[in-house]
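This report concerns only the one structure given below.
The values are calculated or read from the model by the stated rules, or taken from the named source; none is laboratory data. None of these values were measured; they are calculated from a predicted model. So basically every Cβ, Gly included, is an ideal-geometry build from the backbone, and we count neighbours across all protein chains shown.
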Amino acid sequence: PSRSESPPRQRKRQWDIGPNGEITEPLRGAALPPPGGPMPAAGGAPGGVGV
Amino acid sequence: CSRLHNRPTFSETITIPNMYVNPAMVPGPDGKPLELSERDLRHHFEDFFEEVYEEMEKFGPVEELNVCDNLSEHLVGNVYVKFRDEEEALAARDNVNGRFFAGRPLTCEFSPVTDFREARCR
């Protein structure tokens, strides 16, 4: 006799779910400029060649 | 184990410490561990494994994915993902660091383990 297939389980996504069940933005992107935004200003003058 | 684990600057393997929480170890409202069937525990682990695998695959082919069931505090639930090369592992490490999984913040670092058959916590 053939066995009936059980329906696939519904998997709840766990990535980027914060402590209160909220969807979180990955923190790694927080310091990055928005896509297409202006380039950040350059810092000081380049240093000399190390020896 | 001295717990002074070697942390390499580069590796093809990353570690996500204490990522997997075995539901059988989580105390219920009465303080006792929840009574879950073996089937429920297996499904819980399979769902976890699949979800981690799918996310890690975005950075490159996953050669090995191991979840530590050791009861030692610094090893329990550790996830080890071995990629094909260091660049893929670097991308995965930088992506995972600071993200949340199931309500808990994740950290990620390189692991010196390249051959899990030889891996020992001394």
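A few comments on the model shown:
- Within segment A:1-26, the residues that satisfy the criterion of being at pLDDT 85 or above and in a loop (DSSP other than H, G, I, E, B) are A:ARG13, A:GLN14, A:ASP16, A:GLY18, A:PRO19, A:ASN20, A:GLY21, A:GLU22, A:THR24.
- Residues being at pLDDT 95 or above, touching a strand residue (DSSP E or B) at 6+ places or on another chain (Cβ under 9 Å), of a type outside the set (A, V, I, L, M) and surrounded by 19 or more Cβ atoms within 10 Å (Cβ to Cβ) are entirely absent from segment B:66-76.
- All of B:PHE101, B:PHE45, B:PHE83, B:PHE49 fail the test of being more than 13 Å from the chain's Cα centre (by Cα) and either surrounded by 15 or more Cβ atoms within 10 Å (Cβ to Cβ) or under 17 Å from A:TRP15 (Cα atoms) (or both), apart from B:PHE83.
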